[in-house]
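Below you'll find the structure, written out as structure tokens, and then a few comments.
Values in this text are rule-based calculations from the coordinates and carry no lab data. Just so you know, these numbers come straight off a predicted model, no measurement behind them. Cβ sites come from the backbone with ideal geometry, for glycine too, and all protein chains shown count toward neighbours.
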Amino acid sequence: MLTDEHGLPVSLHIESASPSEVKLIEPLVDCAITSLPKNARLLYDKAADSESLRWFLREIQCVRLISPYRKRRNETAARRLNKRDRNYYRKRYRVERTFAWLKNLRRLQVRHEYNPQNYKAFWIVGILFTMLKKL
């Protein structure tokens, strides 16, 4: 799920659990590219530390990925998050808060549905309920 700066959901992409998270970010951003402003920032955890993903987001989608680098990468110390990026990364709690709101709905805690369309429909209903509460 992709949220805006206030924690309201913008885009949703449902996939099986087998692909890695890095491979799932590109279709998610493609779904929301019409609603993203130019030079938007994408906050993510260390799982998104991939040079190909950073290049895709920066060059093709004009989105800046802000995520900490993994320790085992052979990058210089200058590639660590600078002060401005750290301040943005601290706002990541808004995304986690949105997931907590949605996990209050029992149907979304564990995936019981076999068909992904049904599961996505329950997520959309949960998002609508969450947005109505916040408005």
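Would you call I25 more than 15 Å from I66 (Cβ to Cβ) and either under 10 Å from the mean Cα position of the chain (by Cα) or of a type in the set (V, I, T) (or both)?
So I25 fails the test.
Take the residues in region 108-134 that are in contact with a helix residue (DSSP H, G or I) (Cβ under 9 Å, 6 or more places away or on another chain), charged (D, E, K, R) and within 15 Å of L12 (Cβ to Cβ), then tell me which one is surrounded by the fewest Cβ atoms within 10 Å (Cβ to Cβ). Filtering first and then ranking leaves E113.
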